[in-house]
Amino acid sequence: MAIRERLSGNEAIATAMRQINPDVMPAFPITPSTEIPQYFSSYVANGQVDTVFVPVESEHSAMSACIGSEAAGARTITATSSAGFAYMLEMLPIAASYRVPVTLALVNRALTGPININCDHSDGMSARDCGWIMLFAENNQEAYDNYIQAFRIAEHKDVRLPIMVCQDGFITSHAVENIELLEDEKVKAFVGEYEPEEYLLNAGTPLAVGPYGTPAYYMEAKRAQAQAMINAKDVALEVAKEFAEVSGRSYGLFEEYKLDDADFALVIIGSSAGTAKDAVDKLREQGIKAGILKIRLYRPFPAAEIAAALKNVKVLAVMDRAEGMSSQGGPLGYDIKAALYDAGASVKVINYIYGLGGRDVTVESLTEVFNDLQEVDKTGNIGDTYRYLSVRD
């Protein structure tokens, strides 16, 4: 029987960590992810897990310790947010290139400046090309479920890449929701024991981790790493199928909400998808064919599948909770436009920057976006394809 609970997103992640019982957790706390190592350290202190908890002096040190621990053959986790994530940044491509499947709980928070502790996706998006698999959650249930699946994806023999499980700071990390937990035994059985094929403490198989990549070998190493990222897409689907069998909850690369016959649609990531669904429901009551495509797996980016799902939409809004600083829009906007272009789709696309620094996202504000899309369809004039939502001039 599933266990009914009321948990914050942070406590849901910490609970999943306890159920998995990893080998090592180096961590340095930062708002709004502080509660994750706080909860988990109490599990360590109470003897509920066998994990070695390493209180390091910085987030850079946390990721450095994660890399060394994973390379030695230990299942390793950590958690961070915002400036702490930025402080880790030097080590993120190193973890990916060393092919160590570290699991990071990233609680998304704006990167300063100006100083801000609230939610947007600028921290995670700053590392989208570092070689990490990226999963995003809409709510606490998805954060918990994604975290459990993450180990199976990252540690798969055809992948062996680090993975970050993202949720929205404060909006889900601190908000308490009803949630269904799996029994401890089911989680342990699903995730399984960590049995790497090669690791530093395996004395019978000498191994070098982090050697200098000369021009004669560097490209081959990167090509293998890129192939592992490509492989992660199919592995994520395989793992989701198995997870559905034990949990009854189904996941894909993305979620389509009333998208089958939609003329107007939003592509969105994270907790705002719930608000967008409410806006769609109201518009559907008025006879307006509105829909949502919510990204779950952002890296690797499932371009062909997304383009196929959006090919019949007349006008599309891509919602970025991060500024790309390119004068052309946000990072999700670039990816969606490229996917549609490659597929030869003729969808009109407007890229909106919204919700930065915790700016409220409401049913009314997202309804305004759908109104804009209808106006484009009515007049044929798309106007500015790079816009800000709910900003004062």
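The values are calculated or read from the model by the stated rules, or taken from the named source; none is laboratory data. For clarity, every value in this text was computed on a predicted model and none was experimentally measured. Counting neighbours? That spans all protein chains shown, and the Cβs are built from the backbone with ideal geometry, glycine included. For accessibility, only protein heavy atoms count, side chains too; no ligands or nucleic acids. Shrake-Rupley method; radii C 1.70, N 1.55, O 1.52, S 1.80 Å.
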### Message
Given a 10 angstrom Cα cut-off, can you work out which residue in L92, L366, L200 is the most mobile in a GNM of the chain?
### Response
L200
### Task
Calculate for the chain the 222 nm mean residue ellipticity that helices alone would give, adding -39,500 (n - 2.57) per DSSP H run of length 4 or more and normalising by residue count, nearest 500 deg cm²/dmol.
-12500 deg cm²/dmol
### Query
Say we join alpha carbon atoms closer than 10 Å with springs in a Gaussian network model of the chain; which of G291, G357, G344 then has the biggest fluctuation?
G344
### Task
In a Gaussian network model over the chain where Cα atoms closer than 10 Å are linked, find which of E285, E90, E183 has the largest mean-square fluctuation.
E285
### Task
Report the full-extension gain for the segment D342 to L201: residue separation times 0.36 nm, less the Cα-Cα distance, to one decimal in nm.
46.2 nm
### Query
Given the Cα-Cα distance of N21 and V363 and 0.36 nm per residue of separation, how much length would full extension add, in nm?
119.1 nm
### Task
Run the accessible area of region 229-271 with a 1.4 Å probe and give the carbon-and-sulfur part as a rounded percent.
47 percent
### Query
So what's the projected area for region 108-223, the Cα convex hull averaged over all directions, in nm²?
10.7 nm²
#### Entry: Carbon plus sulfur fraction of accessible area for region 1-136, probe 1.4 Å, in percent
53 percent
### Summary
Between E177 and R392, Cβ-based FRET efficiency (R0 25 Å, step 0.05) works out to 0.20
### Message
Give me the percent relative contact order of the chain, please, defined on Cα pairs under 8 angstrom at least 6 residues apart.
### Response
16 percent
### Query
In degrees, nearest 10, range 0 to 90: what is the angle between the Cα axis of helix 331-342 and the longest Cα principal axis of the chain?
70 degrees
### Message
Can you order the peptides 303-310, 153-160, 42-49, 78-85 by their average number of other Cβ atoms within 10 Å per residue, highest first?
### Response
78-85, 153-160, 303-310, 42-49
## Note on the structure
Residues whose modelled amide H sits under 5 Å from the amide H of V349, counting only those 5 or more places away in sequence or on another chain, are L316
### Query
In vacuo Debye scattering of the chain, one point per C-alpha: log10 I(q)/I(0) at q = 0.08, 0.12, 0.15 Å⁻¹?
-0.41, -0.92, -1.39
### Query
Using a simple charge model, +1 on the beta-carbon of Lys and Arg, -1 on the beta-carbon of Asp and Glu, nothing else, what dipole does region 336-382 show about its Cα centre, in debye to the nearest 20?
160 debye
### Task
Compute the distance in nm between two label points, each set 7 Å from the Cα along the Cα-to-Cβ direction, one at Y218 and one at E256.
4.3 nm
### Query
To the nearest 20 debye, what is the magnitude of the charge dipole of the chain about its Cα centre, counting +1 on the Cβ of each Lys and Arg and -1 on the Cβ of each Asp and Glu?
540 debye
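Which pairs in the list K157/K348; K233/K348; K241/K348 are over 31 Å apart, alpha-carbon to alpha-carbon?
K157/K348; K241/K348
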### Task
Please work out the average accessible area per residue across the chain, using the 1.4 Å probe convention, and give it in Å².
42 Å²
### Task
Using +1 at the Cβ of each Lys and Arg and -1 at the Cβ of each Asp and Glu in region 131-226, identify which of V187, A143, A226 lies farthest towards the dipole's positive end.
A226
### Message
Sort D260, D335 by heavy-atom solvent-accessible area, probe 1.4 angstrom, most to least.
### Response
D260, D335
### Task
Grab the Cα-Cα distance for S58 and K188, subtract it from 0.36 nm times how many residues apart they are, and report the gain in nm with one decimal.
43.8 nm
